[in-house]
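The values are calculated or read from the model by the stated rules, or taken from the named source; none is laboratory data. Values in this document were obtained by computation on a predicted structure and should not be read as measured data. When we count neighbours, we look across all protein chains shown, and the Cβ atoms used for this are built from the backbone with ideal geometry, even at glycine.
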């Protein structure tokens, strides 16, 4: 990834952990400014049912606890899942859902990104 990201991993604020992201989130409390999830094709655990634990209410509440005040959870999806916005809200997040082009241009597949904030967007 060095060709893409340069020397960002040498930044002293960066820590790389090779562990289950769900375990890291569940163990943390108020330590992250942001959690970015691109774990499956979306919040339904399509490719691995075990990923549902990240996106169900218990997993989302754990993510909220892991965030600092005003922290942000961002979730990528290959397609919109309207019920997910409601689930995020039930878990105490302020939610904005965005549809974006994969290519960054005017053509190409559309993807969905949820921005879920703990304490304001």
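Here's the yes/no breakdown for (1) at pLDDT 80 or above; (2) buried (at least 16 other Cβ atoms within 10 Å of the Cβ); (3) more than 17 Å from residue 94 (Cα to Cα); (4) touching a strand residue (DSSP E or B) at 6+ places or on another chain (Cβ under 7 Å):
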{"residue": "4", "(1), (2), (3), (4)": "no, no, yes, no"}
{"residue": "14", "(1), (2), (3), (4)": "yes, no, yes, no"}
{"residue": "23", "(1), (2), (3), (4)": "yes, no, yes, no"}
{"residue": "48", "(1), (2), (3), (4)": "no, no, yes, no"}
{"residue": "68", "(1), (2), (3), (4)": "yes, no, no, yes"}
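Looking at this structure, is residue 106 closer than 17 Å to residue 36 by Cβ and surrounded by fewer than 12 Cβ atoms within 10 Å (Cβ to Cβ)?
No.
Looking at 54, 60, 9 in this structure, which one is closer than 20 Å to residue 119 by Cα and surrounded by 11 or more Cβ atoms within 10 Å (Cβ to Cβ)?
Answer to the selection: 60.
Restricting to the stretch 95-121, name every residue that is more than 15 Å from residue 42 (Cα to Cα) and within 14 Å of the chain's Cα centre (by Cα). Reasoning before the result, please.
The initial filter retains those residues of the stretch 95-121 that are more than 15 Å from residue 42 (Cα to Cα), namely 95-96, 101, 103-108, 117-121.
If the condition is that a residue be more than 15 Å from residue 42 (Cα to Cα) and within 14 Å of the chain's Cα centre (by Cα), then 95, 96, 117, 118 are the ones that fit.
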